[in-house]
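This report refers to the structure that appears directly beneath it.
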Amino acid sequence: MNKYFAGIEGGGTKFKCIVANDPSSIVAEAVFPTTDPDHTLPKVVDFYRRTCFEKNISLQAAGLACFGPLNLDPQSPSYGTITSTPKLKWRNFPIREYFQTHLEIPVYIDTDVNGAALAEGKWGGAIGISDFVYITVGTGIGGGIIHQGIPLFGMVHPEIGHMKIQPHPEDFFPGNCPYHVTCLEGLANAPAIRERWKTDPAVLPDDHLAWKFEAYYLGQAIHNLILVCAPKRVILGGGVLKRAGLLEKVRLELFEILNGYVNSPYLDDLSQYIISPALADQAGALGAIALCQRNR
Ligand code: ZN
């Protein structure tokens with residue numbers, strides 16, 4: 001019987017589930033909307049049970065790259081629990097324990113962005129690079145900092161989406177984060193663009209001021225990350241970055257904000273320094289597979 005890993009990307013809007021050992025061996029996949037634990041999680045478990053039966057395979061472990069914040073302290077009694085999320089039905093939910101109980105295999109958990117970062121390091125846009133940052137900009141903004149090949153973790157996992165950001169002088173939108181007045185997520189997530197301009201971001205033209213602001217905030221965030229973590233590459237993705245020309249605008253903003261202060265050949269060509277995710281929308285689920293292999 002062939003052995004595979006379960007890769008579960010627990011996202012804020014959907015759970016993406018794959019069965020694979022690497023990007024070239026995905027034998028099954030499914031997507032379920034993120035509603036509440038009682039409705040979403042049994043569908044995930046059922047998918048894996050059914051896939052094992054139909055394909056006559058077994059799962060040796062599951063990786064869970066999950067939205068958070070998460071308790072990732074293995075010494076804590078609530079290790080693997082979702083903590084202070086605004087999604088009330090998920091708050092304090094012991095999601096790692098749930099899958100361990102129902103799938104009856106070891107479950108390795110990390111944040112969705114740390115998972116995606118590990119996958120990009122293993123199979124994507126940061127192969128062979130020991131220190132890099134992965135940032136995704138969508139409904140939320142999150143990031144994983146890979147330091148010496150592993151996700152940075154101290155008392156908690158970093159929350160780079162909530163770093164304090166200086167508003168653009170012409171931007172009077174107060175931000176939409178319930179915790180902070182002007183954090184990156186509150187100023188630059190997709191809902192902020194919609195609320196600031198009172199329209200669907202999709203209808204804003206490429207040369208609209210909205211994208212200047214967006215690049216200003218992301219350029220500033222990457223600047224701060226460079227000064228604090230000195231990454232050798234930045235992978236910048238998510239739904240908002242699908243806007244044509246935005247990545248180039250972010251590079252220009254970063255160039256201006258850096259103002260020549262940091263001297264490194266890595267910054268000589270910003271088109272190689274800030275790149276799109278190579279694994280695109282598969283990064284999270286493949287990241288969950290990478291979590292299993294990291295812990296073997
Ligand atoms: Zn915030």
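The helices (runs of 4 or more DSSP H) found entirely in region 198-286 that carry 3 or more residues being in contact (Cβ under 8 Å) with a residue 12 or more places away in the chain and among the aromatic types (Phe, Trp, Tyr) are 209-229. Of note, Ala210 does not satisfy the criterion of being within 16 Å of the ligand (Cβ to nearest atom), open to solvent by less than 10 Å² (accessible area, probe 1.4 Å), touching a Phe, Trp or Tyr at 6+ places or on another chain (Cβ under 7 Å) and more than 20 Å from Leu270 (Cα to Cα). Evaluation of Glu185 against the conditions (1) under 16 Å from Gly238 (Cα atoms); (2) open to solvent by less than 30 Å² (accessible area, probe 1.4 Å); (3) in contact (Cβ under 8 Å) with a residue 24 or more places away in the chain shows that the sole unmet condition is (2). Of the candidates Tyr108, Tyr98, the single residue that is aromatic (Phe, Trp, Tyr) and either assigned to a helix (DSSP H, G or I) or farther than 16 Å from Tyr4 by Cα (or both) is Tyr98.
Rundown of residues vs (1) under 21 Å from Ser84 (Cβ atoms); (2) open to solvent by 20 Å² or more (accessible area, probe 1.4 Å), yes/no style:
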{"site": "Pro158", "(1), (2)": "yes, yes"}
{"site": "Ile165", "(1), (2)": "yes, no"}
{"site": "Lys198", "(1), (2)": "no, yes"}
{"site": "Pro205", "(1), (2)": "no, yes"}
{"site": "Ala215", "(1), (2)": "no, no"}
{"site": "Leu225", "(1), (2)": "no, no"}
{"site": "Val228", "(1), (2)": "no, yes"}
{"site": "Val240", "(1), (2)": "no, no"}
{"site": "Leu252", "(1), (2)": "no, yes"}
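Looking across region 145-192, the residues that are of a type in the set (Val, Ile, Thr) and more than 9 Å from the ligand (Cβ to nearest atom) come down to Ile145, Ile146, Ile150, Val156, Ile160, Ile165. When the strands (runs of 3 or more DSSP E) confined to region 1-67 are screened for residues that are of a type in the set (A, V, I, L, M) and under 27 Å from Leu88 (Cβ atoms), those reaching at least 1 such residues are found at 2-10, 28-33, 57-66.
The values are calculated or read from the model by the stated rules, or taken from the named source; none is laboratory data. Bear in mind the structure is a predicted one, so any value in this text is a computation, not a measurement. We place every Cβ from the backbone using ideal geometry, glycine too, and count neighbours over all the protein chains shown. With ligands, DNA and RNA removed, areas are computed over all heavy atoms of the protein, side chains included. Shrake-Rupley method; radii C 1.70, N 1.55, O 1.52, S 1.80 Å.
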